[in-house]
Amino acid sequence: MFPPSAARSGPLLCYRRFLILYPGMNRKAEPEFLNFRTLNLTCIFIIGLSCLLPFLPGMQTTMAQHSAEQTESLQARDSTISLGLVTVESFRLSTHLITFPGNLAVLKGEELKLADATNLATTLNTIPGVSMQSGTYATNRIVIRGMGSRTPYNTNRIRSYLNDIPLTSSDGVSTPEELDLLSLGRIEVIRGPSSALYGSGLGGSISLFTPELLEREGKFNFNYGGFNTLRTSVSGATQADGASFWGSLSHLQSEGYRSNNETRRTSFLSTARWKKSKWLLKSTLMLNDVKAGIPSSLGETQFRNDPRAAATSWEAIKAYKKYTKALAGVTLTNIPTSKLSNQLTIHGKWGDSFERRPFNDLSDQAMSIGIRNRLTYFRPLSDWIFGIDWTSEQYAWKLEKDNLLLNENRENRHQLSVFGIVNYRPSPALSFSVAGTLNHILYKLSDLFSTNGNQSGRRIFPLIVSPRAGVNYTVNQHLRLYASAGHGFSMPSPEETLLPAGEVNPAIKPEQGMQYEAGSRFNLFSKSSEAELTLYWIELSNLLVTKRISEDIFTGMNAGKTRHQGIELLLHHRLLDFSDFPGMLRSTLSYTFSRNRFTAFTDDGKTFDGNHLPGIPDQTARLLLSWKPVETLEISAHIQYTGKQFLDDANTLRYGSYTLLNLKGSWLRQVRKAGNLVFSAGANNLTNTAYASMLVVNAMGFGGSEARYYYPGLPLHVYAGIEFRF
């Protein structure tokens, strides 16, 4: 086991630690796409280049100004209710939201600052069709249109990106909640299968973007609230002759509501740009250091009577997880002509993690590199996009108990996607899109623990084809219609690719599905109201079921088919709009009704055909009211309703509905020649509702104990903060 300091030693020492962990590794024994040392050196180069780019503004003060006509997407300034003015990039081509041929949700500006801005769940749950459950700051699960509800403790059916750089690991696990909310400028979410647009992800994609500021500025933020939760950050942007830099350093710490629930997270995020007339060079760098206690879930008796407690076995050993992560990418966009552009991105990730658990200790390290290239050809009536996306990752892990080695493995994962998109506009009112992706995936397991025999194996999955087609039609200035059909897939996680004895399961298949959706975007009452209504139908096959064999052993199987149907509504309305009192009053309502059922599912000889999928609320509703009686004062109320949901496949256990109410107020004070001060205060869960913020489906009890289904949600708590903008 590495000493505690080893987890923070950085990528430079990762290869040395790897040799210590795997002294018998023979790099020549079998050809690889890239060996681990190559991955390290390449990632070090990428991270080093990302660190160097911020200093280019001072080195190149004579750089020519970039032409205003160049086709770079800029973040639109916050608007009231104007979907048509929002520029989005989640279609591999910058376009306006109202012309997007499918569903797409965009969050920006004040929408990212709901409540105390410490939990991504509060923000994402305002999007219809999205349900993010948060057990702790470090234990979360995102479900989109019913995809991913069976994953025990993480998100593995969603693709996530930061500035178009993959955050998702090659096994499909995404952790967008690790990013500081106030360090983001925009979030774009595509709901449902979208592999033709953004790789493997049955649930869709979450694209995160850093701010793209048009002027120099700085911010300091300090927030303190219940359970000794402190969040502070400092960020700033500067420019010099066509070059610019933005960076943010943030820190979050909390004692937590429950026992053994302390959390500490420090994050750094930066982007740098260097522009000339024919090209743009951009870098992104993200660093995360996290340590969090693990209280785990509770059985019903403890959940009702002592929700502040941690699970007994996890409390006894003071279970925790700690990890350090780094992500970096460099993108070169070349624009040789007004009709042609090429975007090349080289990216790398590194991570070192340790988790102390009652049944064993898990140490793991991951390193990946990737290349994405996108060639775009513009025509008056069409756009043609072709590209490749290649990622190679090496993941090494070992299990120990009382300093005794139990297992040791290394897995190499390689994924290659070749994609193409054609957008055709036969008239100003009509647009079509056709897209497709060819996906090649390879897993190779190397067993480095010979005591129980060599369980090494190799798995090459069949070529996966993911098509997509969409159409958008403008009926008039008030109504637009769209429809789309697309394919998606998700790969099995490491636990799901292995049989209980540890060897590779040759029969496991990727989960695949087709989505059909139709919707409309419309505005009414002189554009004071805008709405989006969507209906969807998803047919999923080769359902991946994660089976818990014992407290620490999971395996996977393809168990059947599911059907997901739903209605989603998003409504923005401007109730009042006066320059003085009573000022402006705006509302945002999102509503989801869904029906998710097994159409063919047999497990352990039991048939569950027709049953509801567990872990998915039958309906959700979110209402946000924002009132600005005067220019410097804003008061907001956020009401969240979560409907009933089943806890097991047999539908014998159901968790009831609940409603939460959050209030927040902020006051702006101008400081002459210095900047602006913003004071804020609020209360979350004002009604002090007892509820479960995260549920574990199909939980099991061990040693005669109750099955632990519940993560208690936070009771009533208050917070206050100050932000200085200069």
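What follows is calculated from the coordinates using simple rules that are stated; it is not laboratory data. What you are looking at is a predicted structure, and each value in this text was computed from that prediction instead of being measured. As a convention, Cβ positions derive from the backbone with ideal geometry for all residues, glycine included, and neighbour counts pool all protein chains shown.
In table form, for the structure just shown:
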item: Inter-centroid distance (Cα atoms) of region 424-457 relative to region 653-691, Å; result: 41 Å
item: Whole-Hz ³J(HN,Hα) from phi, Karplus 6.51 cos²θ - 1.76 cosθ + 1.60, for region 453-467, glycine and proline x; result: x, 7, 10, 5, x, 9, 9, 10, 7, x, 4, 10, 9, 10, x
item: In region 210-294, the GluC sites (Glu not before Pro) that fall in loop regions by DSSP, at most 13 other Cβ within 10 Å; result: Glu215
item: Calculated from backbone phi, Karplus (6.51, -1.76, 1.60) coupling profile of region 236-244 in Hz, x at Gly/Pro; result: x, 9, 9, 9, 7, 6, x, 10, 8
item: Over 27 Å (Cα to Cα) - which of Lys108/Lys561; Lys276/Lys339; Lys291/Lys401 fall in this group; result: Lys108/Lys561
item: For region 523-539 and region 556-618, distance of Cα centres in Å; result: 15 Å
item: Segments 466-475, 176-185, 659-668 sorted - mean Cβ within 10 Å per residue, highest first; result: 176-185, 466-475, 659-668
item: Sorted peptide list for 451-464, 118-131, 231-244, 517-530, criterion being average Cβ within 10 angstrom, highest first; result: 118-131, 231-244, 517-530, 451-464
